[in-house]
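No value in this document is a laboratory result; all are computed from the given coordinates. Quick caveat: nothing in here was measured; it's all calculated off a predicted structure. Every residue, glycine as well, gets a Cβ built from its backbone with ideal geometry; the counts of neighbours run over all protein chains shown.
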Amino acid sequence: MSLEVGIVGLPNVGKSTLFRALTKVQAEVANYPFCTIDPNYGIVKLNDSRVTRLTELINPVRVVPATLKVVDIAGLVKGASKGEGLGNQFLSYIREVDAIAHVVRCFEGPGVVHVESKHDPVGDVLVIQTELILSDFEQVERKIEKLKQKMKGDSDAAAVLPVFEKLQEHLGEGKPAISAKLDPDEKAFINELSLLTMKPYLYIANVSEDQLGKTNIYEQQLREFADQENMEVIPICAKVESELSDMADEESHYFMEELGIDGTGIDQLSHSGYRMLEQITYFTATKNEVRAWEIRRGATAPEAAGKIHTDFEKGFIRAEVFHFDDIDRLESESSVKEAGRWRLEGRDYVVKDGDIMLFRFNT
């Protein structure tokens, strides 16, 4: 199952334009609130220079890059936790994603409607953050009520209750759940609620074309706010990214040179989302196919085998492993073996980012 990053923000901040550039899925884009109602889904291919290099060395029949699933969710407004706008429907869609990319409008444009009376990026962020916190507060409050009802004769409920009460107090101070000081066992207790503000989070500063490569006052305000939360900010011009996505490679490189930018914001965003979800990449590389596989950091060799097919994990014997850096330097698998960099690993082996693997298994 693909991990999902949800794109959220106020109406008319550029979410759907960015989504279309990311995925080439034709999401509806219009200059009015709630033009997106049902979420749009798309797959983003991750550009990885290692895949390009393996393709050069092996010349396979087919190449399959790593991917990330992206969800474009309808705009949120003040009062959503009480049902305003698309309200609870919006919040339920966010609850289903694994991480959140929050698009914030960091440019002024009289031709684009703003749902608030004045342009204030930090104020816009606080609208959404407040609604997410309020929704989580209600979730925790309901959980506490249930635990109190079960406490008589239920020692487990009595032990867990203080964890949720501590979190309720934290949320009540207007702080997201992710910043609460919880140990691993306490986090395990609250994971069942799939809290909105416990999800990994980053900000996308949607800037105008003439602000690319510069830091304008609105982006600076957003960065100062994000620094307090230790959150990442990625500046992107959704309009430019949409235009780049429709161009051939040579044309897009020329366009980026004209704009004075080194690469697309889309690549930066997709890789940041990948890291945010604690994903790493391992590869399978044969003459038939070079493929990048996404897997969580800390996964074992049998779990990596299971990404290919569940039978591989069930019947796992061992894995043949060497690293991309070795074949990049030595330029062939035979040279890697001659240099003693090829090895066999068992069930307890923890996969490293950049591993190239071949699995042995019983059918």
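Note on the chain: with a GNM built from Cα contacts shorter than 10 Å, the maximum mean-square fluctuation among Ile73, Ile234, Ile217 falls on Ile217.
Note: relative contact order over segment 298-361, using C-alpha pairs below 8 Å and six or more positions apart, is 49 percent. With both residues required to sit in the chain, DSSP beta bridges show an antiparallel share near 50%. Over 30 Å between C-alpha atoms is what I'm after, so list which of Lys181/Lys307; Lys146/Lys175; Lys150/Lys314; Lys143/Lys181 land there. From the list (Lys181/Lys307; Lys146/Lys175; Lys150/Lys314; Lys143/Lys181), the Cα-Cα distance tops 30 Å for Lys181/Lys307; Lys150/Lys314. Relative protection proxy for 52-64, 345-357, 198-210, 292-304, from highest mean packing down: 198-210, 292-304, 345-357, 52-64 (other beta-carbon atoms within 10 angstrom). Using a Gaussian network model on the chain with a 10 Å cutoff between Cα atoms, which of Thr310, Thr67, Thr130 fluctuates the most? Most flexible of the set in this elastic network: Thr310.
Here the residues Phe361, Phe255, Phe19, Phe137, ranked from fewest to most Cβ neighbours within 10 Å of their Cβ, fall in the order Phe255, Phe361, Phe137, Phe19.
Mean-square fluctuations from a GNM of the chain, with a 10 angstrom spring cutoff on Cα atoms, peak among Leu330, Leu195, Leu171 at Leu330.
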